[in-house]
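A short write-up of the structure that comes next.
The values are calculated or read from the model by the stated rules, or taken from the named source; none is laboratory data. Every value quoted in this text rests on a predicted model; they were computed, and no experiment measured them. Counting neighbours? That spans all protein chains shown, and the Cβs are built from the backbone with ideal geometry, glycine included. Ligands, DNA and RNA are excluded from the accessible area calculation, which covers all protein heavy atoms including side chains. Shrake-Rupley method; radii C 1.70, N 1.55, O 1.52, S 1.80 Å.
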Amino acid sequence: MDIIKKYGDVIRRKAESEPEKALRMFRLGFGLEYQKASKLADRSLPKGYREVYRSAVKKTGEILAHPSESVWTNIFGPVEIFQCFDLNSTSMEMLSGFMSGFRTEDYFIDRAENAGIAPTLCSYHKHFIGAVDADVIPSPAYIAVTSLACDGNINTMRYLAARRGMNFFAIDVPHHDSPAAEKYVADQLWEMISDLEQVTGKRFDPDRLSEILRRENESKRLYASFVQEATKRWYPNTLTALTALLYPTHLSIGSEEALELFRLLERDIKDYPEKEMNRIMWVHLFPYYQETLRSCFNLSQENYISVYDFTLDYMEEMDEIRPVEAVARKLIRNIYNGDFSRKTRMLTELAEEFRPDGVIHYCHWGCKQSSGGVMLLREAMSKKEIPMLVLDGDALDRRNDQDGQLRTRLEAFLEMVENRRCVRR
(Lines give C-alpha, C1' and ligand atoms only; values in the text may rest on other atoms or scores of the structure.)
Protein backbone atom coordinates (compact mmCIF):
# COMPACT_ATOMS: atom_id res chain seq x y z
CA MET A 1 0.00 0.00 0.00
CA ASP A 2 1.31 3.46 -0.94
CA ILE A 3 0.54 5.39 2.25
CA ILE A 4 1.48 8.78 0.80
CA LYS A 5 -0.83 8.30 -2.18
CA LYS A 6 -3.68 7.21 0.11
CA TYR A 7 -3.09 10.25 2.28
CA GLY A 8 -3.09 12.47 -0.81
CA ASP A 9 -6.34 10.92 -2.00
CA VAL A 10 -8.00 11.94 1.26
CA ILE A 11 -6.64 15.49 0.88
CA ARG A 12 -8.19 15.68 -2.60
CA ARG A 13 -11.61 14.67 -1.29
CA LYS A 14 -11.44 17.12 1.58
CA ALA A 15 -10.24 19.96 -0.68
CA GLU A 16 -13.41 19.65 -2.72
CA SER A 17 -15.86 20.49 0.09
CA GLU A 18 -13.90 20.92 3.33
CA PRO A 19 -10.77 22.94 2.48
CA GLU A 20 -10.01 23.73 6.13
CA LYS A 21 -9.66 19.98 6.78
CA ALA A 22 -7.42 19.58 3.72
CA LEU A 23 -5.23 22.37 5.10
CA ARG A 24 -5.05 20.64 8.47
CA MET A 25 -4.00 17.44 6.73
CA PHE A 26 -1.21 19.27 4.90
CA ARG A 27 -0.08 20.78 8.21
CA LEU A 28 -0.17 17.38 9.90
CA GLY A 29 1.69 15.83 6.98
CA PHE A 30 4.50 18.37 7.17
CA GLY A 31 4.64 17.93 10.93
CA LEU A 32 5.05 14.17 10.53
CA GLU A 33 7.64 14.63 7.78
CA TYR A 34 9.56 16.99 10.06
CA GLN A 35 9.57 14.37 12.81
CA LYS A 36 10.73 11.76 10.33
CA ALA A 37 13.48 14.08 9.04
CA SER A 38 14.57 14.74 12.62
CA LYS A 39 14.53 11.19 14.02
CA LEU A 40 14.38 8.71 11.15
CA ALA A 41 16.43 10.43 8.45
CA ASP A 42 18.37 8.31 5.97
CA ARG A 43 21.89 8.22 7.43
CA SER A 44 23.39 7.62 4.00
CA LEU A 45 22.65 11.31 3.35
CA PRO A 46 25.28 13.54 5.02
CA LYS A 47 24.33 15.47 8.12
CA GLY A 48 24.54 18.77 6.25
CA TYR A 49 21.92 17.81 3.69
CA ARG A 50 19.76 16.13 6.34
CA GLU A 51 19.65 19.43 8.22
CA VAL A 52 18.97 21.42 5.05
CA TYR A 53 16.00 19.23 4.23
CA ARG A 54 14.70 19.25 7.80
CA SER A 55 14.87 23.04 7.85
CA ALA A 56 13.02 23.31 4.52
CA VAL A 57 10.21 21.04 5.75
CA LYS A 58 9.97 23.08 8.95
CA LYS A 59 9.79 26.37 7.01
CA THR A 60 7.11 25.02 4.68
CA GLY A 61 5.02 23.81 7.59
CA GLU A 62 5.35 27.19 9.33
CA ILE A 63 4.10 29.02 6.23
CA LEU A 64 0.88 26.99 6.35
CA ALA A 65 0.56 27.01 10.14
CA HIS A 66 1.29 30.71 10.70
CA PRO A 67 0.20 32.54 7.54
CA SER A 68 -0.01 35.91 9.33
CA GLU A 69 3.78 35.73 9.74
CA SER A 70 4.51 34.91 6.10
CA VAL A 71 5.10 36.55 2.73
CA TRP A 72 4.33 35.20 -0.72
CA THR A 73 7.21 36.20 -2.95
CA ASN A 74 9.34 34.67 -5.70
CA ILE A 75 12.65 32.88 -5.39
CA PHE A 76 14.41 36.16 -6.23
CA GLY A 77 12.45 38.33 -3.79
CA PRO A 78 14.03 40.84 -1.33
CA VAL A 79 13.74 38.40 1.56
CA GLU A 80 16.33 40.23 3.66
CA ILE A 81 13.87 43.11 4.08
CA PHE A 82 11.02 40.77 5.00
CA GLN A 83 13.18 39.32 7.78
CA CYS A 84 13.43 42.82 9.29
CA PHE A 85 9.67 42.55 9.91
CA ASP A 86 9.86 38.97 11.26
CA LEU A 87 8.15 37.56 8.18
CA ASN A 88 8.94 34.14 6.68
CA SER A 89 9.18 33.97 2.89
CA THR A 90 7.96 31.33 0.51
CA SER A 91 7.61 31.17 -3.26
CA MET A 92 5.08 29.51 -5.54
CA GLU A 93 7.74 27.07 -6.70
CA MET A 94 8.85 25.97 -3.23
CA LEU A 95 5.41 25.71 -1.63
CA SER A 96 3.91 23.98 -4.68
CA GLY A 97 6.89 21.64 -4.89
CA PHE A 98 6.73 20.54 -1.27
CA MET A 99 2.93 20.21 -1.31
CA SER A 100 3.20 17.99 -4.39
CA GLY A 101 5.08 15.51 -2.22
CA PHE A 102 1.60 14.35 -1.19
CA ARG A 103 0.86 13.62 -4.89
CA THR A 104 -2.04 16.03 -5.10
CA GLU A 105 -0.64 18.33 -7.77
CA ASP A 106 -2.87 16.99 -10.55
CA TYR A 107 -6.01 17.90 -8.59
CA PHE A 108 -4.97 21.52 -8.02
CA ILE A 109 -3.58 21.93 -11.56
CA ASP A 110 -6.83 20.62 -13.06
CA ARG A 111 -8.83 22.90 -10.78
CA ALA A 112 -6.91 25.95 -12.05
CA GLU A 113 -7.33 24.93 -15.70
CA ASN A 114 -11.05 24.25 -15.22
CA ALA A 115 -11.36 27.78 -13.83
CA GLY A 116 -9.93 29.19 -17.06
CA ILE A 117 -6.18 29.27 -16.42
CA ALA A 118 -4.22 28.52 -19.59
CA PRO A 119 -2.86 24.95 -19.84
CA THR A 120 0.44 26.38 -21.11
CA LEU A 121 1.10 28.23 -17.84
CA CYS A 122 3.87 26.86 -15.62
CA SER A 123 2.59 23.93 -13.54
CA TYR A 124 4.00 25.47 -10.35
CA HIS A 125 1.80 28.51 -10.95
CA LYS A 126 -1.25 26.40 -11.83
CA HIS A 127 -0.80 24.30 -8.71
CA PHE A 128 -0.51 27.38 -6.52
CA ILE A 129 -3.52 29.05 -8.15
CA GLY A 130 -5.61 25.91 -7.77
CA ALA A 131 -4.68 25.50 -4.10
CA VAL A 132 -5.40 29.16 -3.35
CA ASP A 133 -8.73 29.03 -5.22
CA ALA A 134 -9.63 25.94 -3.18
CA ASP A 135 -8.84 27.87 0.03
CA VAL A 136 -6.28 25.25 0.98
CA ILE A 137 -3.42 27.77 1.17
CA PRO A 138 -4.19 30.51 3.73
CA SER A 139 -3.59 34.19 2.96
CA PRO A 140 -0.23 35.65 4.01
CA ALA A 141 0.46 38.93 5.71
CA TYR A 142 1.95 40.36 2.53
CA ILE A 143 2.53 39.64 -1.17
CA ALA A 144 5.54 41.05 -3.02
CA VAL A 145 7.34 39.81 -6.13
CA THR A 146 10.05 40.98 -8.49
CA SER A 147 10.13 40.92 -12.27
CA LEU A 148 13.23 38.70 -12.33
CA ALA A 149 13.44 35.61 -14.54
CA CYS A 150 9.78 34.60 -14.67
CA ASP A 151 7.38 36.88 -16.54
CA GLY A 152 4.44 35.06 -14.97
CA ASN A 153 5.16 35.90 -11.33
CA ILE A 154 3.65 39.37 -11.33
CA ASN A 155 0.53 38.37 -13.25
CA THR A 156 -0.07 35.27 -11.13
CA MET A 157 0.35 37.13 -7.85
CA ARG A 158 -1.80 40.00 -9.08
CA TYR A 159 -4.55 37.50 -9.87
CA LEU A 160 -4.25 35.79 -6.48
CA ALA A 161 -4.16 39.09 -4.59
CA ALA A 162 -7.41 40.09 -6.30
CA ARG A 163 -8.94 36.71 -5.40
CA ARG A 164 -8.06 37.23 -1.74
CA GLY A 165 -8.86 40.94 -1.65
CA MET A 166 -5.25 41.84 -0.84
CA ASN A 167 -2.87 44.45 -2.17
CA PHE A 168 0.45 43.28 -3.52
CA PHE A 169 3.73 44.96 -4.34
CA ALA A 170 5.53 44.42 -7.66
CA ILE A 171 9.18 45.41 -7.93
CA ASP A 172 10.24 46.30 -11.45
CA VAL A 173 13.92 45.45 -11.94
CA PRO A 174 15.63 47.05 -14.97
CA HIS A 175 17.76 44.79 -17.15
CA HIS A 176 20.66 47.25 -17.28
CA ASP A 177 23.07 47.96 -14.42
CA SER A 178 23.66 51.64 -13.68
CA PRO A 179 23.50 54.09 -10.75
CA ALA A 180 20.13 55.30 -12.06
CA ALA A 181 18.81 51.72 -12.17
CA GLU A 182 20.02 51.08 -8.63
CA LYS A 183 18.27 54.23 -7.37
CA TYR A 184 15.10 53.24 -9.24
CA VAL A 185 14.97 49.84 -7.53
CA ALA A 186 16.04 51.22 -4.13
CA ASP A 187 13.23 53.80 -4.27
CA GLN A 188 10.76 50.94 -4.84
CA LEU A 189 12.22 49.03 -1.91
CA TRP A 190 11.83 52.07 0.36
CA GLU A 191 8.21 52.35 -0.78
CA MET A 192 7.70 48.67 0.03
CA ILE A 193 9.31 49.18 3.44
CA SER A 194 6.83 51.96 4.19
CA ASP A 195 4.03 49.64 3.15
CA LEU A 196 5.35 46.86 5.40
CA GLU A 197 5.51 49.24 8.35
CA GLN A 198 1.81 49.94 7.94
CA VAL A 199 0.89 46.28 7.45
CA THR A 200 2.91 44.92 10.39
CA GLY A 201 2.87 47.89 12.74
CA LYS A 202 6.65 47.55 13.11
CA ARG A 203 9.36 50.10 12.40
CA PHE A 204 12.09 49.32 9.91
CA ASP A 205 15.57 49.12 11.46
CA PRO A 206 18.36 49.62 8.89
CA ASP A 207 20.91 48.34 11.41
CA ARG A 208 19.04 45.05 11.55
CA LEU A 209 19.17 44.81 7.75
CA SER A 210 22.93 45.45 7.89
CA GLU A 211 23.30 42.57 10.34
CA ILE A 212 21.27 40.30 8.04
CA LEU A 213 23.57 41.23 5.14
CA ARG A 214 26.61 40.52 7.30
CA ARG A 215 25.30 36.99 7.88
CA GLU A 216 24.48 36.69 4.18
CA ASN A 217 28.04 37.62 3.22
CA GLU A 218 29.46 35.04 5.61
CA SER A 219 26.99 32.45 4.32
CA LYS A 220 28.07 33.04 0.72
CA ARG A 221 31.75 32.69 1.59
CA LEU A 222 31.05 29.40 3.33
CA TYR A 223 28.89 28.13 0.48
CA ALA A 224 31.49 29.07 -2.15
CA SER A 225 34.04 27.06 -0.17
CA PHE A 226 31.60 24.15 0.03
CA VAL A 227 31.01 24.11 -3.75
CA GLN A 228 34.75 24.31 -4.36
CA GLU A 229 35.24 21.23 -2.17
CA ALA A 230 32.46 19.50 -4.15
CA THR A 231 34.65 19.72 -7.27
CA LYS A 232 36.86 16.98 -5.81
CA ARG A 233 34.98 15.27 -2.97
CA TRP A 234 31.98 12.97 -2.87
CA TYR A 235 29.33 14.47 -0.57
CA PRO A 236 26.23 12.37 -1.34
CA ASN A 237 23.11 14.29 -2.29
CA THR A 238 19.63 13.78 -3.73
CA LEU A 239 17.43 15.80 -6.05
CA THR A 240 15.17 16.63 -3.09
CA ALA A 241 18.06 17.77 -0.88
CA LEU A 242 19.42 19.98 -3.65
CA THR A 243 15.99 21.53 -4.16
CA ALA A 244 15.78 22.19 -0.41
CA LEU A 245 19.00 24.22 -0.71
CA LEU A 246 16.88 27.00 -2.23
CA TYR A 247 15.60 27.83 1.24
CA PRO A 248 18.96 28.76 2.84
CA THR A 249 20.42 30.18 -0.39
CA HIS A 250 17.34 32.29 -1.17
CA LEU A 251 14.20 32.33 0.97
CA SER A 252 15.97 32.44 4.35
CA ILE A 253 19.40 33.78 3.32
CA GLY A 254 20.82 36.08 5.98
CA SER A 255 19.05 34.36 8.88
CA GLU A 256 20.88 32.78 11.80
CA GLU A 257 19.45 29.39 10.85
CA ALA A 258 20.71 29.63 7.27
CA LEU A 259 24.17 30.68 8.43
CA GLU A 260 24.38 27.66 10.75
CA LEU A 261 23.43 25.39 7.85
CA PHE A 262 26.23 26.80 5.70
CA ARG A 263 28.71 26.41 8.55
CA LEU A 264 27.67 22.78 8.87
CA LEU A 265 27.90 22.09 5.13
CA GLU A 266 31.32 23.71 4.78
CA ARG A 267 32.66 21.80 7.78
CA ASP A 268 31.00 18.47 7.06
CA ILE A 269 32.10 18.05 3.44
CA LYS A 270 35.76 18.07 4.45
CA ASP A 271 35.24 14.75 6.22
CA TYR A 272 34.22 13.08 2.94
CA PRO A 273 36.69 11.47 0.53
CA GLU A 274 38.09 12.78 -2.72
CA LYS A 275 36.74 10.66 -5.53
CA GLU A 276 36.76 10.43 -9.34
CA MET A 277 33.17 10.80 -10.60
CA ASN A 278 31.13 12.30 -13.40
CA ARG A 279 30.58 15.79 -11.99
CA ILE A 280 27.57 17.57 -13.39
CA MET A 281 26.48 21.20 -13.32
CA TRP A 282 22.67 21.27 -13.17
CA VAL A 283 20.81 24.20 -14.69
CA HIS A 284 17.26 25.21 -13.78
CA LEU A 285 14.72 23.04 -11.87
CA PHE A 286 14.82 19.50 -10.49
CA PRO A 287 11.96 17.09 -11.22
CA TYR A 288 12.63 15.47 -7.85
CA TYR A 289 10.01 12.72 -8.45
CA GLN A 290 11.51 11.50 -11.77
CA GLU A 291 12.58 7.89 -11.32
CA THR A 292 15.41 7.70 -13.86
CA LEU A 293 17.02 10.89 -12.56
CA ARG A 294 16.63 9.67 -8.99
CA SER A 295 18.25 6.34 -9.81
CA CYS A 296 21.13 8.04 -11.65
CA PHE A 297 21.92 10.79 -9.12
CA ASN A 298 20.48 10.11 -5.67
CA LEU A 299 23.41 9.10 -3.43
CA SER A 300 25.27 7.93 -6.54
CA GLN A 301 29.02 7.32 -6.46
CA GLU A 302 29.28 7.50 -10.25
CA ASN A 303 27.25 10.56 -11.26
CA TYR A 304 27.38 13.56 -8.97
CA ILE A 305 25.65 16.95 -9.20
CA SER A 306 28.40 19.18 -7.87
CA VAL A 307 27.09 22.58 -9.03
CA TYR A 308 23.50 23.87 -9.02
CA ASP A 309 23.12 27.19 -10.84
CA PHE A 310 20.15 28.56 -8.85
CA THR A 311 22.16 28.43 -5.63
CA LEU A 312 24.95 30.54 -7.15
CA ASP A 313 22.87 33.21 -8.89
CA TYR A 314 24.38 36.13 -6.92
CA MET A 315 27.60 35.68 -4.96
CA GLU A 316 28.88 39.25 -4.72
CA GLU A 317 29.65 40.91 -1.39
CA MET A 318 26.69 42.86 0.00
CA ASP A 319 27.33 46.45 1.14
CA GLU A 320 26.47 46.45 4.83
CA ILE A 321 26.80 50.24 5.08
CA ARG A 322 24.09 50.96 2.48
CA PRO A 323 21.90 47.89 2.96
CA VAL A 324 18.78 48.87 1.00
CA GLU A 325 20.90 49.89 -1.98
CA ALA A 326 22.80 46.59 -1.62
CA VAL A 327 19.54 44.63 -1.93
CA ALA A 328 18.65 46.70 -5.00
CA ARG A 329 22.03 45.92 -6.55
CA LYS A 330 21.56 42.22 -5.81
CA LEU A 331 18.30 42.20 -7.77
CA ILE A 332 19.77 44.06 -10.74
CA ARG A 333 22.98 42.03 -10.97
CA ASN A 334 21.38 38.62 -10.50
CA ILE A 335 22.33 36.04 -13.15
CA TYR A 336 18.66 35.68 -14.06
CA ASN A 337 17.95 39.35 -14.65
CA GLY A 338 18.04 40.39 -18.28
CA ASP A 339 18.23 38.44 -21.48
CA PHE A 340 19.53 34.90 -21.78
CA SER A 341 22.94 36.01 -23.04
CA ARG A 342 23.72 37.30 -19.56
CA LYS A 343 22.74 34.00 -18.00
CA THR A 344 24.84 32.19 -20.61
CA ARG A 345 27.89 34.30 -19.80
CA MET A 346 27.53 33.77 -16.05
CA LEU A 347 26.94 30.02 -16.37
CA THR A 348 30.02 29.74 -18.55
CA GLU A 349 32.00 31.49 -15.82
CA LEU A 350 30.62 29.08 -13.23
CA ALA A 351 31.66 26.15 -15.43
CA GLU A 352 35.16 27.57 -15.76
CA GLU A 353 35.42 28.06 -11.99
CA PHE A 354 33.99 24.75 -10.79
CA ARG A 355 35.06 22.54 -13.73
CA PRO A 356 32.15 20.12 -14.20
CA ASP A 357 32.52 17.20 -16.60
CA GLY A 358 29.14 17.96 -18.15
CA VAL A 359 26.11 20.23 -17.97
CA ILE A 360 22.44 19.24 -17.84
CA HIS A 361 19.79 21.87 -18.51
CA TYR A 362 16.27 20.85 -17.53
CA CYS A 363 13.69 22.79 -19.54
CA HIS A 364 10.57 22.87 -17.41
CA TRP A 365 7.26 22.87 -19.29
CA GLY A 366 5.74 26.35 -19.39
CA CYS A 367 8.98 28.17 -18.53
CA LYS A 368 9.69 30.38 -21.54
CA GLN A 369 12.99 31.84 -20.37
CA SER A 370 14.63 28.43 -19.93
CA SER A 371 13.40 26.87 -23.15
CA GLY A 372 13.83 29.96 -25.28
CA GLY A 373 17.52 30.54 -24.65
CA VAL A 374 18.91 27.08 -24.08
CA MET A 375 20.59 26.91 -27.50
CA LEU A 376 22.74 29.92 -26.59
CA LEU A 377 24.00 28.02 -23.57
CA ARG A 378 24.63 24.88 -25.62
CA GLU A 379 26.71 26.89 -28.09
CA ALA A 380 28.73 28.51 -25.28
CA MET A 381 29.45 25.16 -23.64
CA SER A 382 30.42 23.68 -26.99
CA LYS A 383 33.05 26.38 -27.38
CA LYS A 384 34.42 25.42 -23.97
CA GLU A 385 34.30 21.74 -24.97
CA ILE A 386 31.94 20.92 -22.11
CA PRO A 387 29.29 18.32 -23.02
CA MET A 388 25.73 19.48 -22.47
CA LEU A 389 22.40 17.67 -22.39
CA VAL A 390 19.02 19.39 -22.70
CA LEU A 391 16.12 17.56 -21.07
CA ASP A 392 12.50 18.59 -21.54
CA GLY A 393 9.79 17.75 -19.05
CA ASP A 394 7.61 18.90 -16.20
CA ALA A 395 9.32 19.37 -12.86
CA LEU A 396 6.03 19.18 -10.94
CA ASP A 397 3.23 17.38 -12.81
CA ARG A 398 3.99 13.65 -12.88
CA ARG A 399 1.47 13.12 -15.69
CA ASN A 400 3.85 14.84 -18.12
CA ASP A 401 6.79 12.57 -17.34
CA GLN A 402 8.31 10.76 -20.34
CA ASP A 403 10.66 8.41 -18.55
CA GLY A 404 11.57 6.17 -21.48
CA GLN A 405 12.85 8.95 -23.72
CA LEU A 406 14.64 10.65 -20.85
CA ARG A 407 16.35 7.45 -19.76
CA THR A 408 17.74 6.70 -23.22
CA ARG A 409 19.20 10.17 -23.69
CA LEU A 410 20.53 10.49 -20.13
CA GLU A 411 22.29 7.13 -20.14
CA ALA A 412 23.96 7.90 -23.48
CA PHE A 413 25.06 11.31 -22.21
CA LEU A 414 26.53 10.02 -18.96
CA GLU A 415 28.37 7.25 -20.82
CA MET A 416 29.88 9.85 -23.15
CA VAL A 417 30.88 12.05 -20.18
CA GLU A 418 32.50 9.05 -18.50
CA ASN A 419 34.48 8.15 -21.63
CA ARG A 420 35.73 11.72 -22.08
CA ARG A 421 36.75 11.92 -18.44
CA CYS A 422 38.65 8.65 -18.64
CA VAL A 423 40.52 9.81 -21.77
CA ARG A 424 41.55 13.07 -20.08
CA ARG A 425 42.72 11.15 -17.04
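In order along region 201-207, phi translates into HN-Hα couplings of x, 10, 8, 6, 10, x, 5 Hz, rounded to whole numbers, per the Karplus curve 6.51 cos²θ - 1.76 cosθ + 1.60 with θ = phi - 60° and x for Gly and Pro. Would you work out which of VAL57, LEU396, MET416 lies farthest towards the positive end of the dipole of the chain? Charges go on Cβ: Lys and Arg +1, Asp and Glu -1. Farthest towards the positive end: MET416. Other residues within the sphere of radius under 14 Å centred on the Cβ of LEU264, judged by their own Cβ, net out at -3 (K and R +1, D and E -1). In terms of the mean number of neighbouring beta-carbon atoms within 10 Å, the peptides 197-207, 49-59 order highest first as 49-59, 197-207.
Here the label points at ASN155 and LYS275, each 7 Å from Cα along the C-beta direction, are separated by 4.5 nm in the simple model.
If you stretched the chain out fully between HIS66 and ASN400, how much longer would it get, using 0.36 nm times the residue separation minus the C-alpha to C-alpha distance? Result: 116.9 nm gained on full extension.
Extension gain for the segment ARG355 to MET166, taken as residue separation times 0.36 nm less the Cα-Cα distance, is 63.4 nm to one decimal.
State whether region 284-324 is rounded, prolate or oblate according to the following rule on the C-alpha gyration tensor (a ≥ b ≥ c being the square roots of its eigenvalues): a/c under 1.5 gives rounded; otherwise a/b larger than b/c gives prolate, and the remaining case gives oblate. Here region 284-324 falls in the prolate category.
Considering Cα pairs under 8 angstrom that are at least six residues apart, work out the relative contact order of the chain and quote it in whole percent. Answer for the chain is 17 percent.
Quick check: net charge around ALA380, other residues with Cβ under 14 Å of its Cβ, Lys/Arg +1 and Asp/Glu -1? So the environment of ALA380 carries a net charge of 0. Separation of region 211-262 and region 72-135, taken as the distance between their Cα centroids, equals 23 angstrom.
With the Cα gyration tensor of region 108-194 giving a ≥ b ≥ c as the square roots of its eigenvalues, does the rule (a/c under 1.5 for rounded; else a/b larger than b/c for prolate; else oblate) give rounded, prolate or oblate? Oblate, because a/c is 1.5 or more while a/b does not exceed b/c.
Roughly what % of DSSP beta bridges within the chain run antiparallel, to the nearest 5? Taking every DSSP beta bridge with both residues in the chain, the antiparallel ones total about 5 percent. For region 277-354, just say rounded, prolate or oblate: build the C-alpha gyration tensor, square-root its eigenvalues into a ≥ b ≥ c, call rounded for a/c under 1.5, and beyond that prolate if a/b exceeds b/c, oblate if not. Prolate is the answer for region 277-354, as a/c is 1.5 or above and a/b outweighs b/c.
Counting Lys and Arg as +1 and Asp and Glu as -1, what is the net charge of the other residues whose Cβ lies under 15 Å from the Cβ of LEU87?
Taking every Cβ under 15 Å from that of LEU87, the sum is -4.
Modelled this way, with points 7 Å down the Cα-to-C-beta line, the labels at GLU302 and ARG267 are 3.6 nm from one another. At full extension, GLU256 and MET315 could sit 19.4 nm farther apart than now, given 0.36 nm per residue minus the alpha carbon distance. For region 293-425, the Kirkwood estimate of the hydrodynamic radius, built from every pair of different alpha carbons, is 16.7 Å.
For the chain, the 222 nm mean residue ellipticity estimated from helices alone, with every DSSP H stretch of n ≥ 4 adding -39500 (n - 2.57) and the total spread over all residues, rounds to -18000 deg cm²/dmol. In region 187-287, the alpha-carbon atoms span a convex hull of 135 Å³ per residue. May I ask you to give the percent of accessible area on the chain that is carbon plus sulfur, with a probe radius of 1.4 Å? Looking at the chain in its full context, I get 50 percent from C and S.
Accessible surface for the chain, divided over its residues, is 42 Å² per residue with a 1.4 Å probe.
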